[in-house]
Amino acid sequence: MTELTLRRLQLRFSQVLAREDALPKPDPQGLHLICRNWQVAACDVVFVGDFHFDVIAGRRAGMATILYAPESRPAYAHEADFVITHLAQTCEVLTQV
């Protein structure tokens, strides 16, 4: 299903991780799998997500976390290392990490 969706949307990624490949977030298993495949340490990765489980998974994986919250700041925003309202802000945050 994932492959079909990516083809229809004309998207290509070097790696795609689906629910069948690892335990779902907030378990960090999928993030650790990606780090192993890319041969990078989790502490050298910044994980961007838009949901509470993303922040928890990134934290559990040992990664810096960026919460994307375009509408309003959720109650759990303080758990993320950074909060952004527009994806363009990611570049600014990366200079601080």
Looking at the stretch 68-88, which of its residues are in a helix (DSSP H, G or I) and over 15 Å from the mean Cα position of the chain (by Cα)? His78
Gln15 fails exactly one of (1) modelled with pLDDT under 95; (2) surrounded by 12 or more Cβ atoms within 10 Å (Cβ to Cβ), namely (2)
Filter the stretch 40-61 for residues that are small (Gly, Ala, Ser) and surrounded by fewer than 16 Cβ atoms within 10 Å (Cβ to Cβ) and give the result. Ala41
Of the criteria (1) assigned to a helix (DSSP H, G or I); (2) touching a Ser or Thr at 6+ places or on another chain (Cβ under 8 Å), which one Phe53 fails: (2)
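The values are calculated or read from the model by the stated rules, or taken from the named source; none is laboratory data. Quick caveat, the model's predicted, so the values are computed rather than measured. Cβ: placed from backbone, ideal geometry, glycine included. Neighbour counts: every protein chain shown.
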